[in-house]
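Student: To start, I am sharing the structure in question, which I have written as structure tokens.
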Amino acid sequence: MPPKARITKEMIIETAFQIARAEGADKITARRISESLNCSTQPVLYHFATVEEIKAAVYQQADEYHTQWLMNMECGYEDPMLCIGMNYIRFAVEEKNLFRLLFQSNEFSGAGLQDLVQSDELEPIMQILAQEADVTIDEAKEIFSTLFVFTHGYASLFANNEMTYDEELLITSLTKVLFGAICAAKEVTNEKNI
């Protein structure tokens, strides 16, 4: 009789991630994970004291996956911010359950938009935006806030509804918002300097 396969912590996280991706994070249970791994719940509960610990690890993995998705600059657009914005929306279209886990699960409870914009994880995006728009980092953060609210609104609509995805319309709209936010940030700076 061959020895039983050893169930690792990484296997549990990956299985739970795939469950969240396919069915939603609310479907992550010790029983559901053990069924997918073809084992008892004992190895799952050996590595994790609670299902909430598993969900926290899945959230972290989903966040890393999302970051890689966003930063894929092979989208065919010259403007990197347009690429990032469209990647964000496409993520919501193609990975609805992960989008909901990351952005509609009350993870940001008590935080404001400025807390998100100031996060260290967004620093590379702010650098790209500042360089591309020829603005300061503070101006880039203002521009990003406007762009994020617009993009997140579209993404949320797609993640929660069966809507028609019209890429051309989205690119046109996103380009206008980006251009308008850049112009507005520069205008405010010019007024302050007068």
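The values are calculated or read from the model by the stated rules, or taken from the named source; none is laboratory data. Remember, predicted model here, so these are calculated numbers, not experimental data. Methodologically, a virtual Cβ is constructed for each residue, glycine included, from the backbone with ideal geometry; neighbour enumeration extends over all protein chains shown.
Student: Do you know which residues across segment 122-139 are in contact with a helix residue (DSSP H, G or I) (Cβ under 7 Å, 6 or more places away or on another chain) and either closer than 15 Å to Ala92 by Cβ or in contact (Cβ under 8 Å) with a residue 24 or more places away in the chain (or both)?
Tutor: Selection gives Ile125, Ile128, Leu129, Glu132, Ala133, Val135, Thr136, Glu139.
Student: Can we say Ala181 is at pLDDT 90 or above, among the aliphatic types (A, V, I, L, M) and in the same structural domain as Phe103 (by TED's automatic domain parsing)?
Tutor: Judged against the criteria, Ala181 is a match.
Student: Sticking with this structure for a sec: If you check Glu53 against the conditions, is it within 15 Å of the chain's Cα centre (by Cα), under 16 Å from Glu14 (Cβ atoms) and among the acidic types (Asp, Glu)?
Tutor: Considered against the rule, which asks whether it is within 15 Å of the chain's Cα centre (by Cα), under 16 Å from Glu14 (Cβ atoms) and among the acidic types (Asp, Glu), Glu53 comes out as no.
Student: Take the residues in segment 40-97 that are without any contact (Cβ under 8 Å) to a residue 12 or more places away in the chain and among the hydrophobic types (A, V, I, L, M, F, W, C), then tell me which one is farthest from Asp134 (Cα to Cα).
Tutor: Filtering segment 40-97 for residues that are without any contact (Cβ under 8 Å) to a residue 12 or more places away in the chain and among the hydrophobic types (A, V, I, L, M, F, W, C), the one farthest from Asp134 (Cα to Cα) comes out as Ala49.
Student: OK, next. Here are the criteria: (1) under 26 Å from Asn161 (Cα atoms); (2) modelled with pLDDT of 95 or more; (3) of a type in the set (Asp, Glu). Tell me which single one Asp63 does not satisfy.
Tutor: (2)
Student: Go through (1) within 16 Å of Ala159 (Cβ to Cβ); (2) modelled with pLDDT under 95; (3) surrounded by fewer than 20 Cβ atoms within 10 Å (Cβ to Cβ) and name the single condition Gly85 misses.
Tutor: Condition not satisfied by Gly85: (3).
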